[in-house]
Amino acid sequence: MPFPPAKIIFSGKPTPLIIRPLEETDAHLIHSAVASSKQILLPFLEWAHDDWTEKKQALRLRKAFENYYLNAEYELGVFSSANNQFLMAANWTPRKTQNSNSLEIGYWTHIDHCRKGLATLVTQILIICAFDFMNCDRLEIRSRPNNIASRKVIEKCGFHSEGEIQNYFNEATTQMIANGFDRDRSCLQYALIPQDAKNLEWYPAIRKDMNFISKTISH
């Protein structure tokens, strides 16, 4: 798979964006955003229940940035072009399947920027980048059945349902349940391939406002 872009620039409406790999210097920003957004993260994201100090975030992001150009993991930050404000985090995850050109999309949105259509827009941008820039030929996305907001994003983006997987997630601890974690261990799986994606109505409209900036890799 080709190297990912060093930066994705979206200049269209409603929100011009800069999407770039997160790095160690973003640790304070991410730590603060997670702390502020706990109430919407705790029900559906297992990692939100972990004890994430700023130092731990820095170590995680340092490793993630190192892995970005190794095509091992892709941790992205989404920022406003107008004021560089952090809006949400997103990622591609290489799938451990027979198809080495398959990626999974994930994301979480800062609580201050939910319900603005941002998750849908960013997911569409990541779909286009994966297919047009990274030569991916299968994208997957997953959701818990009770995560209605996430399911709406998936449907708006045109993913096809591949069914429900039972006991997909770890069993929640007593403390996680007390903190509001969803007990349902089922997973809804969806996928999209380039042939279908490029026929979606939104695809050309988003694509025309996107630019990819590449990074020169020395060997």
For the chain, calculate the relative contact order in percent as a whole number, restricting contacts to Cα pairs under 8 Å that are 6 or more residues apart. 23
Using 0.36 nm times the number of residues separating I193 and L42, minus their current alpha carbon distance, what extension gain do you get? 51.3 nm
Scan of the chain for GluC sites (Glu not before Pro) in DSSP loops with at most 13 other beta-carbon atoms within 10 Å gives a longest site-free stretch of 1-170
Only Cα pairs within less than 10 Å get springs; with that Gaussian network setup on the chain, which residue of F169, F133, F159 has the largest fluctuation? F169
Lys, Arg +1 and Asp, Glu -1 on Cβ, resulting dipole of the range 145-191 about Cα centre, debye, nearest 20: 160
Just rank Y203, Y168, fewest to most, by other beta-carbon atoms within 10 angstrom. Y168, Y203
Per DSSP helix of 4 or more residues, -39500 (n - 2.57); summed, then divided by the residues of the chain. What does that give at 222 nm, rounded to the nearest 500? -8500 deg cm²/dmol
Taking springs between alpha-carbon atoms closer than 10 angstrom, which of N167, N71, N101 fluctuates most in the Gaussian network model of the chain? N167
If you take Rg/Rh (Cα atoms, Kirkwood Rh) from the coordinates, which of (i) 0.97; (ii) 0.94; (iii) 1.09 do you get? (ii)
Over the range 38-98, what portion of Cα pair distances is larger than 12 Å, expressed as a whole percent? 77
Can you put M88, M176 in order of Cβ neighbours within 10 angstrom, beginning with the fewest? M176, M88
Gyration tensor (Cα) of the range 127-219, equivalent ellipsoid semi-axes in angstrom: 32, 18, 13
Here the Cα Rg-to-2.2 N^0.38 Å ratio for the range 69-174 is 1.14
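FYI, it's all coordinate maths here, none of it is from the lab. Because the structure is predicted, anything quoted here is derived from the model rather than measured. We place every Cβ from the backbone using ideal geometry, glycine too, and count neighbours over all the protein chains shown.
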